[in-house]
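The values are calculated or read from the model by the stated rules, or taken from the named source; none is laboratory data. Being a predicted model, the structure only gives us computed values, none of them experimental. All Cβ positions, even for glycine, are placed from backbone atoms using ideal geometry, and neighbour counts span all protein chains on display.
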Amino acid sequence: MGIVKNILYKSASKSFLSAFKNQSIFPYYHLVKDKSVAHIEHLYEFKNTQQFSHDLEILVGNYKAMHPKDLIENQKSINTFLLTFDDGLEEIYSVIFPILKQKNISAVFFINPNFVDNTVGLYKHYISIIITHLKKNHFPIETLRQISSILNFTFDSTADFKKKIISIKYADREKVNEVLDYLNLDIEMYLQTEKPYISKSQIQEMMDAGFYFGGHTMDHPPLHQLSHEEQKKEIIDSIQWLKQNFGIKYSFFAFPFSDKLISKKLLQELFEFDKDLKVFGNSGLKKDIDQRIIQRFSLENPHKDTERQIVTENLYKSFNKLIGTYNIKRT
Ligand SMILES: [Zn+2]
């Protein structure tokens, strides 16, 4: 959260929530789980099942659940919520799917086809696994030095090392495999035993139960580090993969990491690919350059009060309107 949002959060009262129901909201999460996981724990925190169920009570108590098909059919709706989950982690099947099914709430899940069925994983997840391993061994300085030389960075403390390794460039992701080798970490074994990602048959089962899926690029790259053509291919291939493997007719897509640097030209070309495509960003309650772009905000932080967080997003929307940054500009 930025400085302004933090100030707004501190002044946000839960009782304001009833005043902020004139628009639909699109919260997003990655996973819900009652224990930590090596491939996530150094990247971000997430909610447990009890906290997630509490979120659902708040959402259902204040908004109507929107069905994804209303989006596909361009039905106008206010005072609704639609849940979305990024990255296709296995917890969407083992934890989230049963909870939502029981409550009769549909949702959209954005997946990276390359990781489906656990043959390979996201480089950022590998980095978290590496940090978990180093932590267990109390961050031995000589090992950190070796790793930093493989990855080509310098560091002045363990905290600095963690920051630098987490932010290595997508183009250097092959070097992460070198680090895994150097540490004798068997990533294939990890993928086979932990099964961090969803499988094709699980996707099919969730689709059959009325849940929706969208692309999230093939490989989860930070798109701004790729060329225009590479960006377009990563996006369209992931949408096509779902159509080809599951015969779905609709097109949903969510940008990995952030939509901030996505160009107008790319969006125009995506809508040329499918005029009915709905794309999802994570810029909060803002208005994008096209109605087919849906902006979301995260409810994943387990330390924030959910009602106050939704109020904060609405206050931040008013703030953005005031200073002229409510309408997203793209070049
Ligand atoms: Zn993602």
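Remarks
- Residue count for region 76-106 satisfying the condition of being in contact with a Phe, Trp or Tyr (Cβ under 6 Å, 6 or more places away or on another chain), assigned to a strand (DSSP E or B) and closer than 17 Å to Gly215 by Cα: 3.
- Ile166 within 19 Å of the chain's Cα centre (by Cα), outside the structural domain of Val279 (by TED's automatic domain parsing) and either at pLDDT below 95 or not acidic (Asp, Glu) (or both): yes
- Screening Val179, Val95 for residues that are among the hydrophobic types (A, V, I, L, M, F, W, C) and either touching a strand residue (DSSP E or B) at 6+ places or on another chain (Cβ under 9 Å) or closer than 28 Å to Gln295 by Cα (or both) leaves exactly one candidate, Val95.
- In region 187-205, the residues that are surrounded by 12 or more Cβ atoms within 10 Å (Cβ to Cβ) and closer than 27 Å to Gln146 by Cα: Ile187, Glu188, Tyr190, Leu191
- Of the residues making up region 146-186, just one is basic (Lys, Arg) and over 19 Å from Thr132 (Cβ atoms), namely Lys169.
- Enumeration of residues in region 208-264 that are charged (D, E, K, R) and either closer than 18 Å to Arg296 by Cα or in contact with a helix residue (DSSP H, G or I) (Cβ under 9 Å, 6 or more places away or on another chain) (or both): Asp219, Glu230, Lys232, Glu234, Asp237, Lys249, Asp259, Lys260
- Test for Lys47: is it in the same structural domain as Val95 (by TED's automatic domain parsing) and more than 20 Å from the chain's Cα centre (by Cα): no
- In region 76-106, the residues that are aliphatic (A, V, I, L, M), within 16 Å of the ligand (Cβ to nearest atom) and surrounded by fewer than 20 Cβ atoms within 10 Å (Cβ to Cβ): none
- Complete set of residues in region 172-222 that are within 16 Å of the ligand (Cβ to nearest atom) and part of a loop (DSSP other than H, G, I, E, B): Pro196, Ile198, His216, Thr217, Met218, Asp219, His220, Pro221, Pro222
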